[in-house]
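For reference, the structure is listed below as structure tokens.
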Amino acid sequence: MFSLNGSSFLNNSLSGVSRNLTQSTQRKISAPPMVVASVTPNGKPGDRNVSVLMENTLKEMRENAPSSSSPSLTENESKSTVGGGVEDVYGEDSATEDHYITPWTVTVASGYPLLRDPHYNKGLAFTEKERDAHFLRGLLPPVVISQQLQVKKMMHNMRQYQVPLQRYMAMMDLQERNERLFYKLLIDNVEELLPVVYTPTVGEACQKYGSIFRQPQGLFISLKEKGRILEVLKNWPEKKIQVIVVTDGERILGLGDLGCQGMGIPVGKLSLYSALGGIRPSACLPVTIDVGTNNEQLLNDEFYIGLRRRRATGQEYAELLHEFMTAVKQNYGEKVLIQFEDFANHNAFDLLAKYGTTHLVFNDDIQGTASVVLAGLMASLNLVGGTLADHKFLFLGAGEAGTGIAELIALEISKQTNVPLEEARKKIWLVDSKGLIVRSRMESLQHFKRPWAHEHEPVRTLLDAVKAIKPTVLIGSSGAGRTFTKEVVQAMTYFNKKPVILALSNPTSQSECTAEEAYTWSEGRAIFASGSPFSPVEYNGTFYASGQANNAYIFPGLGLGLIISGAIRVHDDMLLAASEALAAQVSQENLDKGLIYPPFANIRKISAQIAAKVAAKAYELGLATRLPQPENLVAHAESCMYSPNYRNYR
Ligand SMILES: O=C([O-])CC(=O)C(=O)O
Ligand SMILES: [Mg+2]
């Protein structure tokens, strides 16, 4: 299939389309196939610029309303006016005869376009036979090497770069050049490369997205596309989409409003869906909704890639989002998973509540983070003792992550102890920018904070809240760095033999404290994990390794579980199931090192376990549509996972 980002294909190979067709006909081969936009009604064979052609066609479609443009029919001729029909990849069945459709055709990639197609390119790993069969002779140097050697070489090259952003760019270039090699590299070197394609480096990449921009990745839907979002979705070259990660860029990690440049996040999350969760890359669609930005620096940046206006709000915002959500379901059906990512609080909760009942959606920052933190807490009980209900939790930050985690902990406590949810919530306290959330503040609180307003006198600072509440677990989720001060960590250590301290905010610059600070200030007693990775720390001659409490442990497996069961809704019990599955993967050996998360090196196995538990829950709740339920869900999940190994071409 051609890649939109593979401008290479569009630019280099349209003259090659007819050649491809001829060659493939002559040779009667069928792999690797490519979808090409062939001649449109108003185009000529061999026209180079398909996007212009398609643009014209679409323009024409818009100008000619269906009834006025339809050819006149005689009395006897009947035409279909109902766009229903059986589901087909190209949408012909669902278009009435009045509608224009895109005349997609399938052909076989060979020669130069094959080398430029990231889905099928293997570079120097094309075999002699493939070089003959696919007209590659002379287009490559004589040597034939294995994918393994390509990985070795790429890793060697990657390690030459000192600057993380250069590594990020090298990885993105590889993704655009040779997709399987990109995934092979990422899967085989996940611990080394996760911080490159994902947190923390992706944060810097988003901040500088405009200046490092080379090729578009993902789908950009801006206010300019209002009224035409369905058309925009149809421009995407892949027809079978299973997961969409969408952001509006308003709260990128803890970095704030990065507008359209937030695209790095959906792209990064989806590369993890494939590498960590085994979802086929072609089934993943990154989307950024551009409603403007309130980031003055970006508005004044000559390299900014987004709409140069302030953010749309209210009805204008809601309408664009609604059109998007409707178009997605219309185009991809009921079972496409939509992950909301890095929306600001004021939209995140409302979008989740609004679409949670009509679409297969979840919010990664509210629910994915909650699930990963709950898993870490469950595992930490092996080190600190007691049950969840025996502990007292204090949060700094009462936004998506804070309240999402708090609610999932309360739900689990309520299930374990049979106390009402309201009772379970009383073990959990939250501090926001105005201090401890208490009953006397109720009137002025945003709705998502209200369940946490317990009876207590006002407390202004985090340190005073630690002293007043005496929590056993301290969780940072405010997006503000350096807020777990020495005094705060020392107070936690004063009240607890082994204080559990989670500094969740991302990227590293926004972390509430560093691993080194946590271990030093607690004199090596803290059970510490953080959203962004930290290297092991030496304190008093002992090495302390900390886990990464990042939703990257959860969403790939959760997504896989939803997809293999054909789930149509996300249920909180699935998040609890995911937490239990992840916690069960923490070995005694991990715990002995103070780790409350398993190493990322085993993540595909872990994702399969999570997927199996999530799928089992979907079946149990009657939310699964893929029937019958496979007997061994773990084996089934593993068998469904995408492998990046090169395929052999006929
Ligand atoms: O992206 C990450 O590393 C975790 C996350 O969702 C966030 O910080 O918003
Ligand atoms: Mg996020």
Name the chymotrypsin sites (Phe, Trp or Tyr not before Pro) in the range 434-533 that are in a loop by DSSP and that have at most 13 other C-beta atoms within 10 Å, would you?
-> none
Taking a cut-off of 15 Å between Cα atoms, list the aspartates and glutamates near Lys593, but don't count ones fewer than 8 places away on the same chain.
-> Glu538
Here the range 615-623 yields Karplus 3J(HN,Hα) values (6.51, -1.76, 1.60; θ = phi - 60°; whole Hz; Gly and Pro given as x) of 4, 4, 5, 4, 5, 4, 7, x, 9
For the chain, what is the calculated [θ] at 222 nm in deg cm²/dmol (nearest 500), taking -39500 (n - 2.57) for each run of four or more DSSP H residues and dividing by its residue count?
-> -13000 deg cm²/dmol
Helix 369-384: inclination vs the chain longest Cα principal axis, degrees, rounded to 10, gives 40 degrees
Sort out for me the Cα centre separation of the range 459-496 from the range 540-591, rounded to whole Å.
-> 26 Å
Under 9 Å from the Cβ of Tyr646, count the other residues' Cβ atoms, weight Lys and Arg +1, Asp and Glu -1, and hand me the total.
-> +4
Cα lying deepest toward the dipole's positive end in the chain, options Leu396, Leu320, Val384, charges on Cβ | Val384
Folded to 0 to 90 degrees: helix 345-355 orientation relative to the chain principal axis, Cα | 60 degrees
Which peptide among 171-182, 239-250 comes first, and what is the full order, when sorted by highest mean count of other Cβ atoms within 10 Å?
-> 239-250, 171-182
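Is there a pair in Lys269/Lys498; Lys234/Lys613; Lys122/Lys234 whose C-alpha atoms are over 31 Å apart, and which pairs would that be? Can you show the working numbers first?
Values: Lys269/Lys498 33 Å; Lys234/Lys613 34 Å; Lys122/Lys234 28 Å.
Those over the limit are Lys269/Lys498; Lys234/Lys613.
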Based on the mean of other beta carbon atoms within 10 Å per residue, what is the order of 146-152, 404-410, most packed first?
-> 404-410, 146-152
Protein accessible area in the chain, 1.4 Å probe - carbon and sulfur % | 51 percent
With +1 on the Cβ of every Lys and Arg and -1 on the Cβ of every Asp and Glu, the dipole magnitude of the range 165-252 about its Cα centre, in debye rounded to the nearest 20, is 380 debye
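Taking only protein heavy atoms into account and a 1.4 Å probe, give the accessible area per residue of the chain in Å².
On the way: 27200 Å² over 650 residues.
Accessible area per residue: 42 Å².
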As a percent rounded to 5, the proportion of antiparallel DSSP bridges among beta bridges in the chain is 20 percent
The range 89-201, relative contact order [Cα under 8 Å, separation at least 6], % | 25 percent
Taking the chain as the reference, fit the longest principal axis to its C-alpha atoms, fit the long axis of helix 7-27 to the helix C-alpha atoms, and give the angle between the two in degrees, 0 to 90, nearest 10.
-> 50 degrees
Cut-off under 5 Å, modelled amide H: who pairs with Val361 long-range = Ile338, Val570
Between Lys129 and Gln162, what is the label-to-label distance in nm when each label sits 7 Å out along the Cα-to-Cβ direction?
-> 4.8 nm
Solvent-free Debye scattering, log10 I(q)/I(0), computed from the Cα coordinates of the range 203-357 at q = 0.11, 0.13 Å⁻¹ = -0.39, -0.55
Taking the chain and dividing mean pair separation by its residue count, relative contact order in percent (alpha carbons under 8 Å, at least six apart) = 11 percent
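Evaluate the charge dipole of the range 147-359 about its Cα centre and quote only its size in Debye, nearest 20, assuming +1 on the Cβ of each Lys and Arg and -1 on the Cβ of each Asp and Glu. Please list the in-between numbers first.
Numbers: 25 positive and 24 negative charges, 135 e Å.
Its charge dipole is roughly 640 debye.
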In bins 20 Å wide, starting from 0, what share of all Cα pairs of the chain does each bin hold, as a percent?
-> 18, 50, 26, 5, 0
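Out of the range 492-590, which GluC sites (Glu not before Pro) are coil in DSSP terms and have no more than 16 other C-beta atoms within 10 Å?
Sparse-neighbourhood loop GluC sites (Glu not before Pro): Glu523.
Kindly rank 433-445, 466-478 from highest to lowest mean number of other beta carbons found within 10 Å of each residue. Walk me through the numbers on the way to the answer.
Numbers: 433-445: 14.4, 466-478: 22.9.
The peptides rank, most packed first, as 466-478, 433-445.
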Output row, site Ala601, 7 Å Cα→C-beta label point, backbone N cut-off 19 Å, window the range 546-573, residues 546-549, 553
Per residue of the range 536-542, in order, report the coupling 6.51 cos²θ - 1.76 cosθ + 1.60 (Karplus, θ = phi - 60°) as ³J(HN,Hα) in whole Hz, putting x for Gly and Pro.
-> x, 10, 9, 9, 6, x, 10
Among the lysines, which have Cα under 19 Å from the Cα of Lys354 when same-chain residues fewer than 8 positions away are ignored?
-> Lys329, Lys335, Lys449
With +1 on each Lys and Arg Cβ and -1 on each Asp and Glu Cβ, and nothing else charged, work out how big the dipole of the chain is about its Cα centre, in Debye to the nearest 20.
-> 1300 debye
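The values are calculated or read from the model by the stated rules, or taken from the named source; none is laboratory data. Since we're looking at a predicted model, the values are computed, not measured. Using ideal geometry, Cβ is built from the backbone for each residue, glycine included, and neighbour counts are taken over all protein chains shown. SASA here: full protein model, heavy atoms, side chains in, ligands and nucleic acids out. Shrake-Rupley method; radii C 1.70, N 1.55, O 1.52, S 1.80 Å.
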